[in-house]
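Here the structure comes first, spelled out in structure tokens, and everything after it is commentary.
The values are calculated or read from the model by the stated rules, or taken from the named source; none is laboratory data. Only a predicted model underlies this, so the values are computations on that prediction, with no experimental measurement involved. Cβ: placed from backbone, ideal geometry, glycine included. Neighbour counts: every protein chain shown. Accessible surface is based on the protein model in full, side chains and every heavy atom, while ligands, DNA and RNA are left aside. Shrake-Rupley method; radii C 1.70, N 1.55, O 1.52, S 1.80 Å.
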Amino acid sequence: MRILLTTWGWRSHFYGLVPLGWALQAAGHEVRVASHPALVPAITSAGLAAVPLGADVDFATAFAGRIGAVGALDRAEDEPDDTVEPAITADGGVVRFADALLDELVGFGRSWQPDLLVWEPFNLAAAVAAAALDVPGVRHLWGPDSSVTLRLDPEPVLGPLAGRFGLAATDVDLAGALTLDPVPPPMQVPATGPTRPVRYVPYNGPAVLPTWLHGPADRPRVCVTAGTMMAGAGLDDRLDLPRVVRAVAGLNVEVVVLVEPAQQAALRPLPGNVRLVDSPLALRLVLPTCAALVQQGGAGTTMTALGLGVPQLVLPQVSDQHFNAERLAVTGAGTWLAGDRADDDTLRGLVGELIADGPWRAAAALMRDRVHAMPAPAEVLPALVDLAARHRS
């Protein structure tokens, strides 16, 4: 088969597709990854063939002021579920990325003629392209499905994109013909449409294993990270990371800080028990040695820790991070703090509980086992082959 993976916006959106791309390639299928030119290094460094299409869009500019705040999801139970996420309105960043990619994506699809399109959430260009090419589509979730909390207005958002190819907004199925879901119960929300579970295999980009990770730590190790999206969208000032690091360092622990290079200068000087990582070090390498993780609530970060059985404290800053944090809390494998409650003493107290051998750790181990019990990416390939074959016939 020819499989066209397509991704948008930011490299962490692509990372969730990588293990499936590896499995498809290893099984002998032709795999291409179509995205904006700026994502080519991330794609090729993962060992997959990149197809640069369309124009680059600056992530920070596209999403400045267009990502919902945490409060957008703080609704009473009797309030209507009608939140409009600013990022997915007709003038939001998601549409801007789709607009810059769509025409060349369809053009490449007509030339290469894939048997299947696979995309990740909110990739509007891919869903429209699948309809325009009459190719079955597969949506690969990267974490809890936050789209269930949001209202997307199809006509103003999808209508102009679909109209380029003589389609209506109703012809576009954002969920595709099948959804691959890496989130085990009870963390995931009820699905809509055909869904198959797939194991979450963490990939966080190129990585180097440093000498200090060759053996165990001499005291509990806590990882602190702000992920990649906040800095990329110019939102890193929402989380007072230097204060968080210093608060956690007040415990008898070793703190490992993973942040974007642009964020490192603001953290110095650091307490003596804090290690600031300045070389490529993926979460999947450091978390197995950690007793806890303190993070912002990104889906990739949350799922990596979930699959490795590490208790988590989430300090969410924007709407999808809040959603991920709430779903994590349902499992008992972690908890979250709103900004007005995340004072130093509360932070230290919660992290102290997380690193202990108590209910947090037991719940995290249970969720790790549930992740590992899900079918590996290679095991879902027959379903994808069957989907393509049924469509052809």
Checklist line | With Cα atoms, 0 to 90° folded angle of helix 154-163 axis to the chain main axis | finding: 50
Margin query: Can you list residues from other chains, or at least 5 along the same chain, whose modelled amide H is less than 5 Å from the amide H of Gly334?
Written below: Gln312
Checklist line | Calculated from backbone phi, Karplus (6.51, -1.76, 1.60) coupling profile of the stretch 310-324 in Hz, x at Gly/Pro | finding: 9, x, 10, 10, 9, 10, x, 10, 10, 4, 5, 5, 4, 4, 4
Next item on the list: Normalising by the residue count of the chain, find the relative contact order in percent from Cα pairs under 8 Å and 6+ residues apart.
Entry: 17
Next item on the list: With unit charges on the beta carbon (Lys/Arg positive, Asp/Glu negative), name the residue among Thr211, Phe323, Leu152 whose Cα is farthest towards the positive pole of the charge dipole of the chain.
Entry: Thr211
Next item on the list: Show the residues, 5+ positions off or on another chain, whose built amide H is closer than 5 Å to the amide H of Val51.
Entry: Val33, Ala34, Ser35
Item checked: Relative packing of 53-60, 94-101, which averages over residues the other C-beta atoms within 10 Å, highest first -> 94-101, 53-60
Item checked: Whole-number accessible area per residue in Å² for the stretch 244-297, which is evaluated in the context of all protein chains at 1.4 Å -> 37
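Assuming 0.36 nm per residue, please report the length gained on full extension of the stretch Glu155 to Leu213 beyond their Cα-Cα distance.
Details: separation 58, 0.36 × 58 = 20.88 nm, distance 5.17 nm.
Full extension of this stretch gives 15.7 nm more.
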Check: Taking the Cα atoms only, what angle lies between the long axis of helix 124-133 and the longest principal axis of the chain, rounded to 10 degrees?
Finding: 20
Notebook entry, point to check: Sorted by accessible area with a 1.4 angstrom probe, largest first, how do Ser279, Ser319 fall?
Noted result: Ser279, Ser319
Checklist line | Per principal axis, descending, Cα span of the stretch 235-393 in whole Å | finding: 63, 36, 29
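How large is the charge dipole for the stretch 214-338, taken about the Cα centre, if only the Cβ atoms of Lys, Arg (+1) and Asp, Glu (-1) carry charge, to the nearest 20 debye? Could the numbers behind the result be given before it?
Working: 9 positive and 9 negative charges, 49 e Å.
Its charge dipole is roughly 240 debye.
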